[in-house]
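For reference, the structure discussed in these notes is given below.
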């Protein structure tokens, strides 16, 4: 017993001594970065040039295969051809039809996909031999059918037409052309016209020229041994005919001569898309690669970055601001972007430049630097859980000529980045004197203020471009109203354009039903209107009412998700000016003709109906083109636009059969499928 007491006393003394040596006023120093083992690939090659990397990992009974053809970028004679190759691969082979192919993939619970110079497959390991066979068959033995070609070409054209209205798409198109040049593969863009010129033979030629094994890598990761993988690869890829892609020479990428704003007018835009950029010369194998990663993360790579905390959290200009910096072997750029409200476009440009200057000239806070490193570590470890990550890492080492331990020492190199390193690479790669600030937005609202932007005491010149990336003279954003044109004449011309006053007077009520698709989900919209100013709009999804907006001529309410909100007095007065079937039959007090602006790429008379509502009428044919509504929420303003098109006659009066509602950067196209005149409406609808 005594011995036990002595032992206890000794233990307590030792423990007390150890505690006395710990200084709890200081944070413990971090230990060394953990050693990362991503699994060294086992490699072999086929005689046709295909290089195979196998990463054995039996943690899960799954196998993933990724075929990447690492060809040098090339310009397309008909841009969009590679997209068509990608779309047609997987639509049938010499051995199996498209439907049977897809049915078997679904039955096996597998995933198989194709690109213009790639293919991938993933499945349970017991099904992998068959899935590998299907992937190889789809990639190497495609049958390009005219019927499939016509269908995919139509889809691509429709997508491109829709994107013509998207500020993000147009800004990205112009920024790429300016950064790399239109003769560089990275500066090319696909247009409706270029896709219309593509034929089936073009697709077959592109596939034959570039889907070849010379620069091909096949990475197999998962529950499979090298011996089994080698047997499968030889069986299914051994007959792939050896070939080399056509040679290509890339034009030199030149930096901008001076900092500039490059503007493209989007007359219908409800917000502006900003991309600030400059070209960089950086590769993954460069010593600066890791400091650049950390620097960009601090500037705009995360929610807590300089850009996002300024433009989103502090100023409330945007839902998010981000930046990135490339490390391609061929050409790369730094890129900071944000979508902002029209009213703050010029201010957002200034703030982006300020944050770039800040990271170039100020030492980053040491705590923020350490937090950034910790996030890198966490994200890096999480990514390692995905077999696709291991595959891409193994491929990066091969294609970018990286050291074998590049990813094993990844965190060690991240942790070695210092405050001095961050400032040094920011000054080297963020070229503030060669910055191109691309802006796509509504010129009539933002161009004047953009021309006043100053930076470092100098005015930033504004250059103008069209949607096709061609430099142009400054557009005329607003034209003078011709003498004799008034609200009354615009309204009269509209009534004449839709059928005349006599036909319009015979319409007492209208019911219309339409549908639209949001991310694959179909919604239905029902609208009912009466001559005396009553109206209701109901939005339903899968038979369930999601929102209802009702106005009985004197008062109204909006109901959504079980919550009902009555109209305010201002909303009632505004609604009275626009409610009814044809508000243009009379001119309410306070309505004003203000200007001529572009809407849907044509000149339109702009009528200010109220403080928050503007309407657009075609100068050419008199039809109403759009209604623009501005609302204030939580101290910020937001503008939405409803566009009208595809006018068709019903009972002697023309009605728009397509309604396009702007929803931030997206557009909701509502197709009217049923329209009834003088029926389908009752007074109970407006209760």
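For this structure, a couple of remarks:
- Subset of the range 568-582 (residues that are within 38 Å of the chain's Cα centre (by Cα) and part of a helix (DSSP H, G or I)): 570, 571, 572, 574, 575, 577, 578
- Condition check for residue 488: over 27 Å from the mean Cα position of the chain (by Cα), outside any loop (DSSP other than H, G, I, E, B), modelled with pLDDT of 90 or more and under 30 Å from residue 258 (Cβ atoms): no
- Qualifying residue in the range 51-59 (condition: under 30 Å from residue 385 (Cα atoms), at pLDDT 95 or above and surrounded by fewer than 21 Cβ atoms within 10 Å (Cβ to Cβ)): yes
- Any hit, the range 590-609, residues being closer than 25 Å to residue 570 by Cα, at pLDDT below 85 and in the same structural domain as residue 578 (by TED's automatic domain parsing): no
Condition check ((1) within 30 Å of residue 475 (Cβ to Cβ); (2) assigned to a loop (DSSP other than H, G, I, E, B)) across all residues:
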residue: 233; (1), (2): no, no
residue: 239; (1), (2): no, yes
residue: 258; (1), (2): yes, yes
residue: 278; (1), (2): yes, no
residue: 283; (1), (2): no, yes
residue: 291; (1), (2): no, no
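- Of the strands (runs of 3 or more DSSP E) lying entirely inside the range 497-550, those containing at least 2 residues that are farther than 23 Å from residue 625 by Cβ and without any contact (Cβ under 8 Å) to a residue 24 or more places away in the chain span 521-530, 535-541.
- Any hit, the range 637-658, residues being touching a strand residue (DSSP E or B) at 6+ places or on another chain (Cβ under 7 Å), without any contact (Cβ under 8 Å) to a residue 12 or more places away in the chain and farther than 29 Å from residue 341 by Cα: yes
- Failed item in (1) surrounded by fewer than 19 Cβ atoms within 10 Å (Cβ to Cβ); (2) in a strand (DSSP E or B); (3) modelled with pLDDT of 85 or more, with residue 668 passing the rest: (3)
- Positions within the range 355-369 being loosely packed, with under 13 Cβ neighbours inside 10 Å and part of a helix (DSSP H, G or I), in sequence order: 361, 366, 367
- Hey, residue 614 under 30 Å from the mean Cα position of the chain (by Cα) and at positive phi or not: no
- Of all residues assigned to the range 191-201, none qualifies as being closer than 19 Å to residue 466 by Cα, in a helix (DSSP H, G or I), touching a strand residue (DSSP E or B) at 6+ places or on another chain (Cβ under 6 Å) and outside the structural domain of residue 440 (by TED's automatic domain parsing).
- Scan of the range 171-186 for residues that are in a helix (DSSP H, G or I) and either in the same structural domain as residue 320 (by TED's automatic domain parsing) or touching a residue at least 40 places away in the same chain (Cβ under 8 Å) (or both), ordered by number: 171, 172, 173, 174, 175, 177, 178, 179, 180, 185, 186
- Of the residues in the range 300-313, not one is surrounded by 14 or more Cβ atoms within 10 Å (Cβ to Cβ) and within 28 Å of residue 116 (Cβ to Cβ).
- For the range 610-655, taking the residues that are in a loop (DSSP other than H, G, I, E, B) and modelled with pLDDT under 90, the one that is surrounded by the most Cβ atoms within 10 Å (Cβ to Cβ) is identified as 610.
- Residue in the range 440-450 that is in the same structural domain as residue 591 (by TED's automatic domain parsing), in a loop (DSSP other than H, G, I, E, B) and touching a strand residue (DSSP E or B) at 6+ places or on another chain (Cβ under 8 Å) present: no
- Qualifying residue in the range 296-315 (condition: touching a residue at least 40 places away in the same chain (Cβ under 8 Å), out of contact with any helix residue (DSSP H, G or I) (no Cβ under 9 Å at 6 or more places or on another chain) and not assigned by TED's automatic domain parsing to the domain that holds residue 640): no
- Any chance residue 510 is surrounded by fewer than 18 Cβ atoms within 10 Å (Cβ to Cβ) and assigned by TED's automatic domain parsing to the domain that holds residue 594: no
- Evaluated against (1) modelled with pLDDT under 95; (2) touching a helix residue (DSSP H, G or I) at 6+ places or on another chain (Cβ under 6 Å), residue 214 falls short on exactly one condition, (2).
- Any strands (runs of 3 or more DSSP E) falling wholly within the range 58-170 and containing at least 3 residues that are out of contact with any strand residue (DSSP E or B) (no Cβ under 7 Å at 6 or more places or on another chain): none
The values are calculated or read from the model by the stated rules, or taken from the named source; none is laboratory data. Remember, predicted model here, so these are calculated numbers, not experimental data. Positions of Cβ are backbone-derived with ideal geometry, glycine not excepted, and every protein chain shown enters the neighbour counts.
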